[in-house]
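Structure first, commentary second.
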Amino acid sequence: MKVFLSYSDADQGLARRVAMALEKAGLDVWQSSRDVLPGDNWAASVAKALEECQPMVVLVTPRWLRSRWGMREIEYALGEESYNWRLIPVFIVGKARNFEDFEDEVPWILRRIQGVTLTYPVQEEGLQQIAKVMLNREAA
């Protein structure tokens, strides 16, 4: 199964760690910072990846909430039947900040989908939790 990873460019370090954990669990991950090559049409590459992937993991951080592309990616996923029940929000909160602190900024549809909440800096157990959720989705 090929997983689309949606994240803010400012969160690339976290995205790399999540991608590595998912790949270690046997999943194929599409990540724009790695899979869009110099000279590629970025928008066309993202569109193609959205068509080829089935589930989407969304790293919901304050930076992602300010990203114009993040909303476009989840709008696509919500409108595509192949993503049905396969959109997994991962809410990243700080040690001093709870999800409730930025819940009003999160698109209403993501608040209605059962997600995973992890504290930043994300520990290995949290990365494994994301992989476990994805593998359970694959089996469903």
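Taken together, the values in this text are just the output of simple stated rules run on the coordinates, not laboratory data. Since the structure is predicted, the reported quantities are computational estimates derived from the model, not experimental observations. No Cβ is skipped: glycine too gets one built from the backbone with ideal geometry, and neighbour counts run over all protein chains shown.
Of the trypsin sites (Lys or Arg not before Pro) in region 83-136, the ones in a loop by DSSP (not H, G, I, E or B) with at most 13 other beta carbons within 10 Å are Lys95, Arg97.
Of all DSSP-defined beta bridges confined to the chain, some 0% are antiparallel rather than parallel.
For the chain, please report how many Lys pairs fall under 20 Å Cα to Cα, leaving out neighbours fewer than 8 apart on the same chain.
4
If a spin label sat at a point 7 angstrom from the Cα of Leu65 along the line to its beta carbon, the backbone N atoms of region 1-20 nearer than 15 Å would be those of 8.
Rule-of-thumb check for region 1-46: C-alpha Rg over 2.2 N^0.38 Å? Don't jump to the answer; show the numbers that get you there.
Numbers: Rg = 10.8 Å, N = 46, 2.2 N^0.38 = 9.4 Å.
Region 1-46 yields a ratio of 1.14.
Beyond 13 Å, what share of the Cα-Cα pairs of region 60-124 is found? Please give it as a whole percent. Don't skip to the end; give the middle numbers.
Working: 1354 of 2080 pairs.
Distances greater than 13 Å cover 65 percent of the Cα pairs.
Taking every pair of Cα atoms in region 2-139, average 1/r, invert it to obtain the Kirkwood radius, and report Rg/Rh to two decimals. Taking Rh as the inverse mean 1/r over Cα pairs, Rg/Rh reads 0.93.
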